[in-house]
Every structure is written in C-alpha cells, then in structure tokens.
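Only one structure is covered here, and it is reproduced in the block below.
Computed from the coordinates by the stated procedures, all read-outs in this text should not be read as laboratory data. Because the structure is predicted, anything quoted here is derived from the model rather than measured. So basically every Cβ, Gly included, is an ideal-geometry build from the backbone, and we count neighbours across all protein chains shown.
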Amino acid sequence: MWSAINFKNNNRWILYISICILFLFICTSLFNITLDDTIKPNYLVPFADELSTKPTNLEEWKRMHYLVNFLNNEQNVLIYVTPKDSYKSDDSTKLKYKFDKTLAKCEVPCIWNEIRIEDLTSEELKTADAIFYVNQPAPLKSKAWKGQKFIQYTLESATYYPQYHDKNKLFDIHVTFDEDSDVPTSFIRDPEKWRTKQPFDMGKLPSSSPPISLIASQWTDFRKSWIPTLKEHIPIASFGSVHWNTNWDIHPECADLNPYEIKNCIISKYPFHLSIELSQEKDYSTEKLWDVFNSGSVPIIWGAPNSRSYLPHPKSAIFIDDFPDVRALADHLKYLIENNTAYLEYHQWRTMKEWSEGFERKVYMNIENMECNVCKEVARLRILEGRGNLPQFPTVLENVENDDNNL
C-alpha cells in the first residue's frame, strides 16, 4: 500500500518538474534569455535614441542622467582640467572627493584632475577620457586617442569674449550658459538657502542710505550711459570701479569674509541691487542676478531677453525694460520703499512650494553640479559609441547605417 502511495507521489513530482522545465523552455524561447547571459545586447538598443536626444526640460535631464548612471556600470571617467584662475577663484565651489579620488556626490565615478597639459606624458594623456579647457579658444592640435573628447568651458559673454566660444567647432563638448549647449550651466549657488533668507527690512534702511547697490568692475556702453540717468532720480551705492562712490569698509561686519560672502553681505544691506549684465544674450545670467536672491534683496535686471522664463517666479525681480523711462522706474522703487507690503510681494516666491520649471532646471544644471554633469556627458558619449565595460550593442551610427541599407 505504502509503495503504491509513494509511486503516485513520485509521479506527481515528476509531472511538476516536467511542467517547470517546459515553462522555463518557453520563457527562454520567447525572450531569448540563456542561463549564462542574463541580458542580450539588443535590449540596450532602445536606449540609444533616448540617450542621443537633447533634453528640453527638467524631467528629460533627470531621465537621461538616470540612464547614463545605470548604463555606465560604475566605470570611471578621467578628465584632465587645464588650470585657470577664473575657475579656481575663491567664489567658485570647492570640490570634494571620495577616498578613491572620484568626485563626491556624483553618481558617475569621476576623476577630476587639475593639471598643466604640458606636464603630462603622451602615455598619461592616453588615459584621459577628456580634456577640459577653461576659457581657452583652442585645444591641442590632436587627440591622444580617437575617442578622447575636448571640452570647452566658459560662462563668459559671447559678445565680449567671442574667443572663448567655439566658432570653429574645435571642441566635442560645450559647457556654457546657453541652454542649447551640451551641458548648459547656470551661475546659481546655494539655492537651498534662498527659501529661508529673510527679505530686506525696510524699517532698517537709514534715511541717509541709498536704497540701491551696484557691484560692477567692467565698463559697457549701457552701464556708462544709463546708470548716471538713474542716479539723477534715486541714489545708488556703487562699490565696483563702474561709477564707484562707496568704500567696501562702510559695512565693517562684511570685511573679514571671503570675496563671495563679502559681495552677498554688501548686497544684503540694500533693498535693491542693480543686476546689469555685460550684454543681452539668450540665457546669459551671471552671479550679478543669482547671488542677489541669496542676499534678501530684489534684483533690478538688464540682461538675457528670456530671463523672465527661468526666474523662480515672474515677480521675483524688477525688469528695467518694463518701464517706459528711467523716471518711471525710479518712481516705482520709491513707492516700494514707502510701502513695505508691496515690496514684500517681490519675496513671496520664497514661501512657494513649487518654483517655475525653467528655474528648477537651472538649479539642477547649476555651477555646483557642473563637474559631475560634464562627467555624465562624457559617459553618455562613451555609451553611445559602444566603448567601455558595457555589454556591446550597436552604436547609433551603426543603427542609422543599417536603416539606410534596408531602404
């Protein structure tokens, strides 16, 4: 009797195992998966189109970076950086590194090495995925190896510094303020502090104090001609060489800070700050605009024609071009000085849960994240070119060629 029962149970087990084997066979046939190859190269091909399409909004940038982080497969990106005073200045973000010399807070393992290119041997040059040039008009005459990338970085005005912008297409990757560049980069710093920064208190403005500050060192035609006309209607405290009339030590509490903090401290002593850029170019907004938000003051803007589209809120700044003449602007500023409630309307954005999409995109692609974003761009191109320790899959160019052959 027991042997009969065991025989039936064994048959059931044999039937169960047979069904499992059949199911596994069907799955492997349908999805083309083998026991020693968990993913086929063809499964990466659909990502190629997405990785080769320039993001146009914040979510697309985040999606692309997510794919790059995943497909990069923890492979290091080595970038040699040509040193430049403008890049290493005190008011630039100081980089932090992990124990393995890769950038901290960067999903792609990025080795960011500042060094004189002339000090590198030819063999050392061959190890670099990219060479990063700061405000330089031309790279080396030739690359150390075919896949190496030359990167041009500048946040300077193309109108005043055309030599820093790649007119001859000598570089593979461009990092500029322009949203159309490969790695658009804004001058936004410390944005997490902006919400908690208290607006300027009009009750603390001395009757003898100018209500407007100005910090500018480079003369332009607009700065030369327009600022004096505004001063005819309302006083301005100018700390830079452009229309200088106020010493930095007028506010002793600002004296012992670093250059970046000194500027913010000075700006915070006035309800308004003149944010007059070198030129009016698309997307061109420097620290003259962004640092004002970190100081509790209200910027008075002359700059990028599309700057309104990427402010935290449309009413977070005052636009010179919104007024028919200088007197009308001055009258509006005087009204705000006498009406604190109206003035505080320019600070209401600080308490909003959501800021504009254009601004959030600028925050995500800001100067503090620039080095990491550059490394992600180098990794993205490496993935598309089918190089590195990734599963090999057809490159975008190969796909295009195959499509052409099938026509």
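Observations, loosely collected:
- Sites matching GluC sites (Glu not before Pro) across the stretch 165-243 that sit in DSSP coil, with at most 13 neighbouring C-beta atoms within 10 Å: E232
- Partner lysines for K353 [C-alpha distance under 19 Å; skip if fewer than 8 residues away on the same chain]: K193, K197, K315, K362
- With a Förster radius of 30 Å applied to the beta-carbon distance between D321 and L257, the computed FRET efficiency rounds to 0.35.
- Scaling against 2.2 N^0.38 Å puts the C-alpha radius of gyration of the stretch 191-357 at 0.97.
- Estimated distance in nm for a label pair at K282 and S207, the labels positioned 7 Å out from Cα along Cα-to-Cβ: 5.1
- In the stretch 191-357, Cα pairs under 8 Å separated by at least six residues give a relative contact order of 22 percent.
- At an R0 of 56 angstrom, the distance between the Cβ atoms of W226 and D49 translates into a FRET efficiency of 0.70.
- Overall size of the stretch 180-258 from C-alpha positions, given as principal axis extents largest first: 46, 35, 25 Å.
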